[in-house]
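What follows is a set of notes on a single structure, which appears directly below.
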Amino acid sequence: MFKKKLPLFLAFIAFTFIFSAFAKTASAATPSTESIKNFKAFIDIKKSGEIQIREIIAYDFGSAQRHGIYRDIPLTKTTQDNEKFKISIEDITVTAPIGKAYKFTTNQSGGYLKIKIGDPNVTVTGLHKYVISYTVSGALTYFDTFDELYWNATGNEWQAPIEAAEVVVSFPEPVEIKKSACYTGPFGAAESNCTISVLSQRSGEDAGKTKEITFKTTQTLSPGEGLTIATSFPKEVAQVLMPVKDYSGNLEKFGVLVLAAVTLITNLVLPLIKALQLIRQKIRLNKESQVVAAWFDPPERSDGTPFTPAETKAILKGKADSRSVTAELIYLAQKGYIKIKAEGRRNFTFQLLKEPDEQLTDFQDTLLDAMFHDLHSLSLSQGIDLAKKLVKSAVKTAKEFEFQGKAVENADLEESKQKVLDENVSVKKEVSLRELKRSTYFGSRYNDVTRQILGHLDEDGIYSKDLNKLKAKNGVIAGFSMMFFGFFNFLVYLIAAVIERPYTEFGIEAYSKARSLENFLKSQEAQLDFQADRQMFFEKLLPYATAFGVEDVWIKRFADLGALSQDWYEGDSDLGRLAVMSSAINRGVKASAATANRSSSGFSSGSSGGFSGGGGGGGGGGSW
């Protein structure tokens, strides 16, 4: 009898075990009774550029039995250009509010720092508070005129609702808040169901400034929703601490490339039309252009004025780069706007001799502004120092006249004050190459200069279309081709973004002169003995040789000139030194542009136009 009932008995036990396990699993996967009563984050911005974060999470497990919670924090931040940068998280601690330490483990996986809190041998129920502290490097964003914290404070990946969230941001010193914003909801939402409180000083030298700003939600955040805050503040409150670019996404891009290649066969028409258009342009240019062996002048506008070195290169190559900017600096020096001074082996100083006027092009005006922008206004400390000097000068003048038994006239005080101003402000008309390398403003305006060089050539009759817009259009189509049009189309439009140049008839004539000039500059023929003033001839075409990247060849052709005496250059006048100068300035311009691109690539909303989940921070968590 027992043997007959044994299979049924075993089946009953197995069913009971499976049902119990299923019920336990279903309970663990359904945190419907769990909630976060309060999520409070204190973010302390340090003078070093780091931020210290302390999260106090009041987690209610309800009647469910759990071991604790886990907290996932992304280790990257994404720019508006979809570029990823690494941030580092250190000094992690987890305690209870009274200071008792919790057991926890950490690991990095899938681009997250995963903090698992609790004892696997102990279960808990009800309300528990966890205090998670950590230090973040690379969290701040640096713009030209302000710095910013744009931070997803709670994260949008919590499985439980957050009934209330609060973020308190503190600064190392009283600051004047530029802009602030907060966003709530799922990732990408622009809702602002939150309040912002700023407690400002009412009197004293810090009146109108604050050391703390508070953000609070006004309604419950459902699972998958979070609170993101953004606040901007003056520069130099915190040091620049740049994140490192994350290249881990390259594998994803490769996957997109492979997928696009699969659709190649169905995406031939559009790229074929574009390729034929580029071929026709090249055939027409080769057929109609007339290149001569010896041409000594740059192309000219219809009014007879010559195109500048950067413009001539843009006519020939269809682009502007650091060599274009370097050539324009030499050109502006020769025109008397600046003076280049050698300071040691590799450093040079630029002195502003003449303010920009109507004779300059828009990009030359922008270039001079970019170079001397940081010098146009005194910093607070410099202003205080200058004020002290003015007071001392006035007192000294008054004492001198008192000693001489004379009355102090306003004119005498004004003369003394003007002398102090001239002695101090005149220094600010010089900037060194090293300073330009570190200037984020100069680097950020680099792209403006290169765009302006190309931007007006259609108005000058060189191109039938705006070259900047044409390049941007081809680049956008190339980018979308990876998703919609296929790899072949991407390749064709990527090439078109670089080489397409819709010349007019006048443009082809200017191209012919520019090509002839380039060939002449880089040729290895003997120097030109028939030139009446070889030094003037050498200097006239030096910036054009620099733009084309053949200044070494050009300088070598005139090596027998020996030392030169130029009004626009001060230092060792050996011709070989000019080649060093050109190379050093070119590297400096490149370095400044690269630095600015890293620092202002747009992590943040600029405190406006942001959304929930943007910037750094984020992640989420749950129970286990």
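Which of the residues spanning the stretch 466-512 are under 21 Å from residue 321 (Cβ atoms) and among the charged types (D, E, K, R)? Residues satisfying the conditions are 466, 469, 471, 473, 500, 501.
Sort out which residues of the stretch 273-291 are more than 15 Å from residue 502 (Cα to Cα) and touching a residue at least 24 places away in the same chain (Cβ under 8 Å), and write them in order of number. I'd like the intermediate steps shown before the answer.
Narrowing the stretch 273-291 to residues more than 15 Å from residue 502 (Cα to Cα): 273, 290-291.
Listed by number, the residues that qualify are 290, 291.
When the helices (runs of 4 or more DSSP H) confined to the stretch 254-359 are screened for residues that are modelled with pLDDT under 90 and open to solvent by less than 30 Å² (accessible area, probe 1.4 Å), those reaching at least 2 such residues are found at 269-288, 322-334.
Can you say whether residue 480 is crowded, with 21+ Cβ neighbours inside 10 Å, over 17 Å from residue 317 (Cβ atoms) and within 26 Å of the chain's Cα centre (by Cα), as far as the supplied structure shows? Give the steps one after another, and end with the answer.
On the way: crowded, with 21+ Cβ neighbours inside 10 Å: no; over 17 Å from residue 317 (Cβ atoms): yes; within 26 Å of the chain's Cα centre (by Cα): yes.
No; evaluated as a whole, the condition is false for this residue.
Quick test for you: out of 145, 123, 154, pick the one residue that is polar (S, T, N, Q), touching a residue at least 24 places away in the same chain (Cβ under 8 Å), touching a strand residue (DSSP E or B) at 6+ places or on another chain (Cβ under 7 Å) and within 30 Å of residue 234 (Cβ to Cβ).
Values: 145 fails: touching a strand residue (DSSP E or B) at 6+ places or on another chain (Cβ under 7 Å); 123 fails: within 30 Å of residue 234 (Cβ to Cβ).
Unique residue meeting the criteria: 154.
In the stretch 174-213, the residue that is surrounded by the most Cβ atoms within 10 Å (Cβ to Cβ) out of those that are in contact with a Gly (Cβ under 8 Å, 6 or more places away or on another chain) and closer than 16 Å to residue 149 by Cα is 183. Hey, could you check the stretch 360-370 for residues that are over 15 Å from residue 430 (Cα atoms) and among the charged types (D, E, K, R) and say which is surrounded by the fewest Cβ atoms within 10 Å (Cβ to Cβ)? That would be 362.
Out of 479, 507, 461, report the one residue that is at pLDDT 90 or above, farther than 30 Å from residue 147 by Cα and assigned to a helix (DSSP H, G or I).
507
Take the conditions (1) in a strand (DSSP E or B); (2) at pLDDT below 85; (3) not basic (Lys, Arg); residue 81 misses just one of them, which is (1).
Is it the case that some residue within the stretch 110-119 is open to solvent by 60 Å² or more (accessible area, probe 1.4 Å), over 25 Å from residue 151 (Cα atoms) and out of contact with any Lys or Arg (no Cβ under 8 Å at 6 or more places or on another chain)? There is no residue in the stretch 110-119 that is open to solvent by 60 Å² or more (accessible area, probe 1.4 Å), over 25 Å from residue 151 (Cα atoms) and out of contact with any Lys or Arg (no Cβ under 8 Å at 6 or more places or on another chain).
Determine, yes or no, whether residue 137 is farther than 25 Å from residue 243 by Cβ and not aliphatic (A, V, I, L, M). Show your work before the answer.
Working: farther than 25 Å from residue 243 by Cβ: no; not aliphatic (A, V, I, L, M): yes.
Against the criterion (farther than 25 Å from residue 243 by Cβ and not aliphatic (A, V, I, L, M)), residue 137 does not qualify.
The values are calculated or read from the model by the stated rules, or taken from the named source; none is laboratory data. Nothing here was measured: the structure is a model prediction, and the numbers come from that model. Note that each Cβ is placed from the backbone with ideal geometry, even for glycine, and that neighbours are counted across all protein chains shown. Just the protein is used for accessible areas: all its heavy atoms, side chains included, with ligands, DNA and RNA removed. Shrake-Rupley method; radii C 1.70, N 1.55, O 1.52, S 1.80 Å.
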